[in-house]
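Here's the structure we're looking at; comments come further down.
The values are calculated or read from the model by the stated rules, or taken from the named source; none is laboratory data. Being a predicted model, the structure only gives us computed values, none of them experimental. Here Cβ is always computed from backbone atoms with ideal geometry, including for glycine, and neighbour counts include all displayed protein chains. Quick note on the areas: whole protein, heavy atoms, side chains included, nothing else; ligands and nucleic acids left out. Shrake-Rupley method; radii C 1.70, N 1.55, O 1.52, S 1.80 Å.
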Amino acid sequence: VQLVESGGGLVQPGGSLRLSCAASGFTFSNYAMSWYRQAPGKEREMVATITSRGTSTNYAESVKGRFFMSRDNAKNTVYLQMNSLKPEDTAMYYCKADFGRRTYWGQGTQVTVSS
């Protein structure tokens, strides 16, 4: 099982980034997927979730209207489009897969928002 995040980097405030998470080793289309983030000294927090078929999404209040999560089950990939980025969005971003009692995590990709 692998979840590999990509697309992180350094961006100026107000900028955009698109994160990707490529999955392998399990039946991706059965799993709800989530993005989490963890800033230094803080607890990991949920950013966005999407149902297995992509019919429903849910977002943390802090990112609503700025971040958008999607998935492509044909490509076994989920995405997080991040717009109007703020310094407080700086964190390591992780993707997570859930199906019943099974949970898988990726290794994370760093997002830094700074001028």
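FRET efficiency for the pair residue 102 and residue 10, taken as 1/(1 + (r/R0)^6) with r the Cβ-Cβ distance and R0 = 30 Å, rounds to 0.30. Fully extending the segment from residue 70 to residue 84 would add 3.3 nm, taking 0.36 nm per residue of separation and subtracting the current Cα-Cα distance. Of the residues 99, 67, the one with the largest accessible area comes first in the ranking 99, 67, computed with a 1.4 Å probe on protein heavy atoms. Pairwise Cα separations in the chain fall into 5 Å bins from 0 onward with the following percentages, short to long: 2, 13, 25, 26, 19, 10, 5, 1, 0.
Of the residues 96, 64, 42, 86, the one with the largest accessible area comes first in the ranking 42, 64, 86, 96, computed with a 1.4 Å probe on protein heavy atoms. Along the axis of the charge dipole computed for the chain (Cβ charges of +1 for Lys and Arg, -1 for Asp and Glu, origin at the Cα centre), the listed residues 15, 51, 35 are led at the positive end by 51.
In the chain the longest region clear of GluC sites (Glu not before Pro) that are loop-assigned by DSSP and have at most 16 other C-beta atoms within 10 Å covers 62-115. Given their separation in residues at 0.36 nm each and the Cα-Cα distance between them, residue 45 and residue 18 gain 7.9 nm when the chain is fully extended.
Carbon and sulfur together cover what percent of the accessible area of the chain at a 1.4 Å probe radius? Ligands and nucleic acids excluded, carbon and sulfur give 45 percent. Once you order the gyration tensor axes a ≥ b ≥ c over the Cα atoms, which shape class does the range 22-67 get: rounded for a/c under 1.5, otherwise prolate or oblate by comparing a/b with b/c? Judged from the Cα gyration tensor, the range 22-67 comes out oblate (a/c at least 1.5, b/c at or above a/b).
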